[in-house]
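Here the structure comes first, spelled out in structure tokens, and everything after it is commentary.
The values are calculated or read from the model by the stated rules, or taken from the named source; none is laboratory data. Quick caveat: nothing in here was measured; it's all calculated off a predicted structure. Here the Cβ positions follow ideal geometry from the backbone for every residue, glycine too, while neighbour counts run over all protein chains shown.
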Amino acid sequence: MKTPLAPKITITKLDGALRQLRVAISLWFQGGDDVAVHTLACASHQIIHDINVARGGQDLLFDSLIFRDEYRKEANQWLRADMNFFKHADKDPEGIIEFSPMKTELFLMASLKGLEEFGLKHDSTCGAYIVWFTIHHPEYLTDKGRERVTIDHRQQFAGLNQREFFELYKTASDRLTHIR
């Protein structure tokens, strides 16, 4: 008689993507392994992207309007290069790549944008990343995107490292949640 190793759980695609995204963000803030964070971020983004396309949603990263049509294929190859390298070894089992962890940050933000398109509210983990990214990379955001964080917040949090910021943000967010 066979017994399962663990009980089964039912998970939707979106829940799976959200779980991967939250873990990726937590690991990123804690200084976790760049490859593991990138792999989780990309897996999450791919699911969110696919759901977004199926729902007829606005562009995220792979179909982004920031890329001119004639460069879209090249941009997607660049975006997917690390993701595919860390997933597959069938074509280049001895391969080597120069990995740019900054791509991970783009995948995380695009995933969070996708969740907003679905009407989902961000928890404190996801919210922390949005605020961090807004403070540290305002040049990548539109005016509307930069409005998420005030100048006072930028000055107040800019000196904190990732781990310090995350702990402070989560603590403050959790306190506000208990007050409501």
### Task
Please go through region 136-163 and pick out each residue that is surrounded by 10 or more Cβ atoms within 10 Å (Cβ to Cβ) and part of a helix (DSSP H, G or I).
H136, P138, Y140, G145, R146, H153, R154, Q155, Q156, F157, Q162, R163
### Message
Looking for something loosely packed, with under 15 Cβ neighbours inside 10 Å and touching a His at 6+ places or on another chain (Cβ under 9 Å) - is there at least one such residue anywhere in region 115-125?
### Response
yes
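To keep it simple, each residue is scored yes or no on (1) in a loop (DSSP other than H, G, I, E, B); (2) of a type in the set (V, I, T); (3) at pLDDT 85 or above.
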| site | (1), (2), (3) |
| --- | --- |
| L115 | no, no, yes |
| G119 | yes, no, yes |
| T134 | no, yes, yes |
| F165 | no, no, yes |
| T171 | no, yes, yes |
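Tally the residues that are of a type outside the set (D, E) and free of Cβ contacts under 8 Å to residues at least 40 places away in the same chain, restricting the search to region 27-42.
Residues of region 27-42 of a type outside the set (D, E): 27-32, 35-42.
Next, from what is left, pick out any that are free of Cβ contacts under 8 Å to residues at least 40 places away in the same chain: 27, 32, 36, 40.
Qualifying residue count, region 27-42: 4.
Could you pull out the residue among F99, F62, F86 that is assigned to a loop (DSSP other than H, G, I, E, B), among the aromatic types (F, W, Y) and within 26 Å of R163 (Cβ to Cβ)?
Working: F62 fails: within 26 Å of R163 (Cβ to Cβ); F86 fails: assigned to a loop (DSSP other than H, G, I, E, B).
Answer to the selection: F99.
Rundown of residues vs (1) over 25 Å from I135 (Cα atoms); (2) hydrophobic (A, V, I, L, M, F, W, C), yes/no style:
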position: C42; (1), (2): no, yes
position: G57; (1), (2): yes, no
position: L61; (1), (2): no, yes
position: D69; (1), (2): yes, no
position: L79; (1), (2): no, yes
position: D82; (1), (2): yes, no
position: K91; (1), (2): yes, no
position: K103; (1), (2): no, no
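Consider region 57-97. How many of its residues are β-branched (V, I, T), within 23 Å of the chain's Cα centre (by Cα) and over 14 Å from A110 (Cβ atoms)? Reasoning before the result, please.
Taking region 57-97 as the starting set, the residues that turn out to be β-branched (V, I, T) are 66, 96-97.
Filter once more, keeping what is within 23 Å of the chain's Cα centre (by Cα): 66, 97.
So of that shortlist, the ones also over 14 Å from A110 (Cβ atoms) come out as 97.
Result for region 57-97: 1.
Among the residues of region 48-58, are any farther than 14 Å from G114 by Cα, in contact (Cβ under 8 Å) with a residue 12 or more places away in the chain and surrounded by fewer than 16 Cβ atoms within 10 Å (Cβ to Cβ)?
Initially, region 48-58 is screened for residues farther than 14 Å from G114 by Cα, giving none.
So far as region 48-58 goes, no, none of its residues is farther than 14 Å from G114 by Cα, in contact (Cβ under 8 Å) with a residue 12 or more places away in the chain and surrounded by fewer than 16 Cβ atoms within 10 Å (Cβ to Cβ).
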### Query
Does A81 meet the test of being surrounded by 13 or more Cβ atoms within 10 Å (Cβ to Cβ), at pLDDT below 85 and farther than 25 Å from E117 by Cα?
yes
